[in-house]
Amino acid sequence: MSDPKHTHHEIAAEATDPRWQATPAEVAAAAPAATSRRSFLFKLAVGLNGLVGAVFAVPILGYLIGPATKKDADFNSWVKLGSLDEFPVGKTHFAEYVNPVVSPSDGETAKIACWVRRIDANSFQVFAVNCAHLGCPVRWFEQSRLFLCPCHGGAYYEDGSRASGPPMRGLFEYQHRVHNGALEILAGQLPTFSNEACNRKPQKPNAPENNPLRVLADDDAAGRRDA
Amino acid sequence: MKNPVELGKKLRAWIDLRTGLVQQAEEMADHPTPSSAASWWYVFGSGAMVLLGLQVVTGILLAMVYSPSASNAWASLQFINHNLPLGWYLRALHGWGSDFMIAIVLIHLVQVFLFGAYKFPRELTWVVGVFLLLLTLAMAFTGQVMRFDTDAYWGIGIGASITSSVPLVGKPLVRLLLGGPIIGGATLSHFFALHVFVIPGALLGLVGLHLLMVLRLGINEWPMPGRIVRRADYRQNYAALTRKTGVAFAPNAAWKDAVFAAAMILAVMACAWFFGPFGPSGQPDPTIIQTAPHPDFFFLWIYAVLAFLPPQLEIPFLLAAPALIVLPLLLLPFLAGEGEKHWSRRPVAILVVTLVAVTLGIFTNLGLHTPWSPVMDAWSSAAIPARYVKDRTPLERRGALVFQDKQCRDCHSIGGIGGRRGPALDDIATRMTVDQMVRQVLQGGGNMPAYGKALSPAETTALTAYLRTLNGNHLAPAVNPAAGIEPVNGTHPVAQ
C-alpha cells in the first residue's frame with residue numbers, strides 16, 4: 001500500500017479554494033530581504049540559547065561532579081574502633097565501624113571492616129581490609145601470620161608489608177590514635193591508590209610518629225594532618 | 001459490517017497519510033539485497049537487535065519491582081526470586097538474555113570482520129558497531145552491579161581500584177564512579193541510572209543509526225576472491241550486482257532472520273527455565289569478608305589477566321590496554337578500507353581472529369579455575385591423604401601437622417587436594433634438598449612468602465623432615481652433589 005498521492009510534495013501547488021490564496025502581506029513576508037533579517041534573528045536566538053544552555057549547565061555540572069571536587073577533610077574524621085582492651089596485645093583483630101559519612105540508602109554498605117594489629121601496649125597498626133592490588137577483602141591467617149587475598153593471591157606479612165603476589169605495595173594503613181582509652185582511626189573513604197587518607201606506606205612499628213601517645217598531644221593538628 | 005480486509009487497508013492508508021511510516025516500512029522490507037547475502041551467515045545483526053528488545057522488555061518488568069537502593073536491593077532481588085510468581089524466571093531471562101546478547105554481538109563482529117564488510121563505504125557502520133559492542137559490555141558490567149551482592153560490591157571495588165590508578169585525576173574519577181567516598185547507596189543509584197537510562201538510550205540511538213546505514217549502503221555482498229574493493233568503483237559495482245542479482249529483503253532474507261530470532265529466544269527461554277537466574281550470592285555487607293569475588297563470565301578473562309601481570313607492568317597496562325584494544329578496532333576500516341574481502345585472501349585476518357579467540361578462551365578458562373588464588377580453607381578442610389602419613393616417624397608426622405596447621409595447603413596441593421598457587425609438593429623431596437627447603441620456607445622467594453617469623457626452629461625441623469618423605473613414586477631424593485666432596489663439620493648435610 002504505497003500511494004504516491006499521499007506525499008505532500010506530489011500535490012499541485014495552487015490552492016483550489018480562493019479563500020486559501022496567499023495575502024500580499026504573507027507574500028511580502030516571504031521575500032528574500034525579510035528572510036535575511038530573520039536568519040539574523042535566528043542566529044541571534046541560537047546564540048541566546050547557547051548562552052542560556054551554558055548558564056544552565058554550570059549548576060548541573062556542579063551537581064554531577066560535586067562529590068568529586070570535595071577535599072579529603074570533608075569525608076575523613078576520627079572514628080572509634082573500640083576500647084583498648086578489645087584488642088589483645090600481640091594479636092591481629094578484625095574490627096568494623098560505620099563510615100562517618102553516610103547516605104540514607106547506604107544500608108549495610110555503610111559498615112566498613114579493617115584489621116587491627118596490637119604490637120604492644122602502646123603501638124598499633126590498622127590495615128584496610130582492601131587488598132592493595134584491586135581492593136578485594138584480605139583475610140588474616142593467625143598461624144602463618146599472613147594476610148591472604150582471595151582474588152589474585154596477594155599475600156602480606158603481619159606488619160602489612162608485601163609478601164608476594166601481584167600487589168605492588170603493602171596494605172593500606174589507616175592513621176590511628178588512642179583517645180579516651182579507645183582506639184580511633186582517621187577514616188571515611190574507600191582506600192585506593194588515589195586516596196591520601198589511607199595511602200600511606202606501612203609504618204615501622206617503632207617509628208616515633210607511630211606512637212599514639214605522641215599523637216595524643218596534638219589531637220586537632222593530627223586530625224587535619226593528612227586531610 | 002464491511003469486509004475486515006478492506007477495513008484493514010483503510011486503516012493502513014489513514015495511518016500512512018499521517019505518518020508516512022507504512023510506506024517507509026514497506027520500502028525497507030523491499031530494499032534489494034544481493035541474492036548471495038540472503039544467507040544464514042547474515043542473521044547475527046538482527047539477532048542481536050532482537051535480544052536487545054528482549055532485554056528492554058524484561059528489564060522494564062524487573063525495574064517495576066527492583067529497588068535500586070543499597071539498603072534494599074539485595075532483599076528485593078530475593079523477593080523477586082522467591083516471592084513474586086515467576087519473578088525468578090524474569091530474572092533468569094534477563095540474565096541469560098544478557099549472556100546471549102554479548103555472545104551474538106561478538107559473533108556478529110567476527111562475521112563482519114571476516115567478510116570484509118567494514119571496508120568502503122561501510123567504515124562508519126563498523127565504527128558505530130564498535131561503540132555498540134562497548135555499550136553492550138557496559139550494560140553487562142552495570143547489570144552485574146544491579147545484582148547487588150558480594151560479587152557486585154567487591155566488583156565495584158575492583159573497578160574503583162583500577163580507576164584510582166589513573167594519574168592526576170584518579171581521585172575525582174573514583175568519587176564520580178562511586179558517587180561519593182565509599183561504595184554505598186549513591187554508587188548503586190549511579191549505576192542504576194547508567195544501566196536503565198543512559199546506556200540503553202545511547203544503545204537504542206546508535207542501533208537506529210547502524211540500521212539506517214545498512215539500509216542506505218545496502219547489505220554487504222557475499223565476498224568473492226578477486227572482487228577487490230576500490231573507492232573509485234565499488235558503489236558502481238555493488239549497484240550493478242544488486243541490479244542483476246538483487247532480491248527483496250523480505251521475504252528472501254528476512255525469513256532466515258526470523259527463524260534465527262525465534263530459535264534464539266527459545267534458547268534463552270530454555271536456559272532461563274532450566275538453569276534459573278544468576279544469584280544473588282551473599283548480601284553486600286562489607287564486613288562479611290569470607291568471600292572470593294568473581295566477575296561474570298564475559299569479564300573473567302580480564303580477571304585472569306590481572307592475576308598474571310607483573311606488578312610493575314600492571315598500572316601501565318591498565319591505562320594503555322583500553323586504548324590498545326579499542327583503537328585498532330576503530331582504525332581498522334580506515335587502514336584497510338580497500339582490497340580483498342574474502343577470508344581466503346586475508347590470512348592476517350584469520351590469524352588475528354584465531355589468536356584473539358584462543359587468548360580470550362585460555363584466559364576465560366583460567367578465570368573459571370583461578371589457579372592463582374589460595375584455597376582459603378584447604379588447611380582446615382582438606383585432610384592429608386592417609387598414604388602421605390603412613391609409615392612416617394613421629395617427627396615426620398609432627399611435620400605433617402605443621403604443614404597443615406601453617407596453611408601450607410592453601411597454596412600447595414598434596415595428593416591433588418589443596419591450592420595451586422605454588423607447586424604441588426607430592427615429590428618435593430626429589431627436587432629440593434633439606435637445606436634448600438629450609439631456605440625456601442624461612443626466606444621465601446619466587447612468589448612464596450617467608451615463614452621465618454611464623455615457624456619455630458622445632459617446627460621447621462619437623463616440617464622439612466616431613467617434606468623430605470614426599471618423594472613421589474619412590475623416586476631418588478635430591479642430593480647436594482657437593483656434599484660428598486666436602487663434608488661440612490664432618491657430616492653430610494643432606495645425604496641421610
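Could you look through segment A:97-124, keep only residues that are surrounded by fewer than 20 Cβ atoms within 10 Å (Cβ to Cβ) and of a type in the set (Asp, Glu), and pick out the one that is nearest to the other protein chains (Cβ to nearest Cβ)?
A:GLU108
For B:PRO286, indicate whether it is touching a residue at least 60 places away in the same chain (Cβ under 8 Å), touching a strand residue (DSSP E or B) at 6+ places or on another chain (Cβ under 6 Å) and surrounded by 18 or more Cβ atoms within 10 Å (Cβ to Cβ).
yes
Quick one: in segment A:147-185, of everything that is acidic (Asp, Glu) and part of a strand (DSSP E or B), which residue is farthest from the other protein chains (Cβ to nearest Cβ)? Even if it seems obvious, please write down each step before you answer.
Step one: of segment A:147-185, the residues acidic (Asp, Glu) are A:158-159, A:173, A:184.
Checking the rest, the ones that are also part of a strand (DSSP E or B) come to A:173, A:184.
Values: A:GLU173: 16, A:GLU184: 18 Å.
It comes out as A:GLU184.
Mind checking whether some residue in segment B:73-93 is among the polar types (S, T, N, Q), in a loop (DSSP other than H, G, I, E, B), modelled with pLDDT of 95 or more and on the phi < 0 side of the Ramachandran plot?
Filtering segment B:73-93 for residues among the polar types (S, T, N, Q) gives B:76, B:78, B:81, B:83.
Narrowing the set further to residues that are in a loop (DSSP other than H, G, I, E, B) leaves B:83.
Checking the rest, the ones that are also modelled with pLDDT of 95 or more come to B:83.
Remaining after also requiring on the phi < 0 side of the Ramachandran plot: B:83.
Yes: segment B:73-93 contains one or more residues that are among the polar types (S, T, N, Q), in a loop (DSSP other than H, G, I, E, B), modelled with pLDDT of 95 or more and on the phi < 0 side of the Ramachandran plot.
Got a sec? Which of B:LEU470, B:LEU475 is in a loop (DSSP other than H, G, I, E, B), in contact (Cβ under 8 Å) with a residue 60 or more places away in the chain and out of contact with any Pro (no Cβ under 6 Å at 6 or more places or on another chain)? Spell out the reasoning first.
On the way: B:LEU475 fails: in contact (Cβ under 8 Å) with a residue 60 or more places away in the chain.
After applying the criteria, what remains is B:LEU470.
Check whether at least one residue in segment B:166-180 is touching a Phe, Trp or Tyr at 6+ places or on another chain (Cβ under 8 Å), assigned by TED's automatic domain parsing to the domain that holds B:THR291 and part of a helix (DSSP H, G or I), and report yes or no.
yes
Residue-by-condition table, conditions (1) modelled with pLDDT under 85; (2) among the aliphatic types (A, V, I, L, M):
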| site | (1), (2) |
| --- | --- |
| A:SER2 | yes, no |
| A:THR7 | yes, no |
| A:GLU26 | no, no |
| A:ALA45 | no, yes |
| A:PRO59 | no, no |
| A:ILE65 | no, yes |
| A:ALA68 | yes, yes |
| A:VAL79 | no, yes |
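Across segment A:125-146, what is the total count of residues that are surrounded by fewer than 24 Cβ atoms within 10 Å (Cβ to Cβ) and more than 9 Å from chain B (Cβ to nearest Cβ)?
Of the residues in segment A:125-146, 3 are surrounded by fewer than 24 Cβ atoms within 10 Å (Cβ to Cβ) and more than 9 Å from chain B (Cβ to nearest Cβ).
Have a look at B:ALA454, B:ALA383, B:ALA462 and point out the one that is more than 14 Å from chain A (Cβ to nearest Cβ) and in a loop (DSSP other than H, G, I, E, B). Don't jump to the end; show me each part of the working.
Values: B:ALA454 fails: more than 14 Å from chain A (Cβ to nearest Cβ); B:ALA462 fails: in a loop (DSSP other than H, G, I, E, B).
Going through B:ALA454, B:ALA383, B:ALA462 in turn, the sole match is B:ALA383.
So which of B:VAL174, B:VAL169, B:VAL207, B:VAL196 is facing another protein chain (nearest Cβ under 7 Å) and either among the aliphatic types (A, V, I, L, M) or under 23 Å from the mean Cα position of the chain (by Cα) (or both)?
On the way: B:VAL169 fails: facing another protein chain (nearest Cβ under 7 Å); B:VAL207 fails: facing another protein chain (nearest Cβ under 7 Å); B:VAL196 fails: facing another protein chain (nearest Cβ under 7 Å).
So the residue among B:VAL174, B:VAL169, B:VAL207, B:VAL196 that is facing another protein chain (nearest Cβ under 7 Å) and either among the aliphatic types (A, V, I, L, M) or under 23 Å from the mean Cα position of the chain (by Cα) (or both) is B:VAL174.
Take B:ALA262 and tell me if it is of a type in the set (A, V, I, L, M), modelled with pLDDT under 90 and farther than 20 Å from B:SER161 by Cβ. Outline the logic, then answer.
Values: of a type in the set (A, V, I, L, M): yes; modelled with pLDDT under 90: no; farther than 20 Å from B:SER161 by Cβ: yes.
So B:ALA262 does not fit the description; no.
Being surrounded by 11 or more Cβ atoms within 10 Å (Cβ to Cβ) and either without any contact (Cβ under 8 Å) to a residue 12 or more places away in the chain or touching a strand residue (DSSP E or B) at 6+ places or on another chain (Cβ under 9 Å) (or both) is the requirement here; does A:SER77 meet it?
Details: surrounded by 11 or more Cβ atoms within 10 Å (Cβ to Cβ): yes; either without any contact (Cβ under 8 Å) to a residue 12 or more places away in the chain or touching a strand residue (DSSP E or B) at 6+ places or on another chain (Cβ under 9 Å) (or both): yes.
Yes, satisfied.
Restricting the search to segment B:421-445, which residues are surrounded by fewer than 18 Cβ atoms within 10 Å (Cβ to Cβ) and outside any helix (DSSP H, G or I)?
Passing the criteria: B:PRO423, B:ALA424, B:ASP427, B:ARG431, B:GLY444, B:GLY445.
The values are calculated or read from the model by the stated rules, or taken from the named source; none is laboratory data. This structure is a prediction, so every number in the text was calculated from the model and none was measured. Don't worry about glycine lacking a Cβ; one is built from the backbone with ideal geometry, like all the others, and counts go over all protein chains shown.
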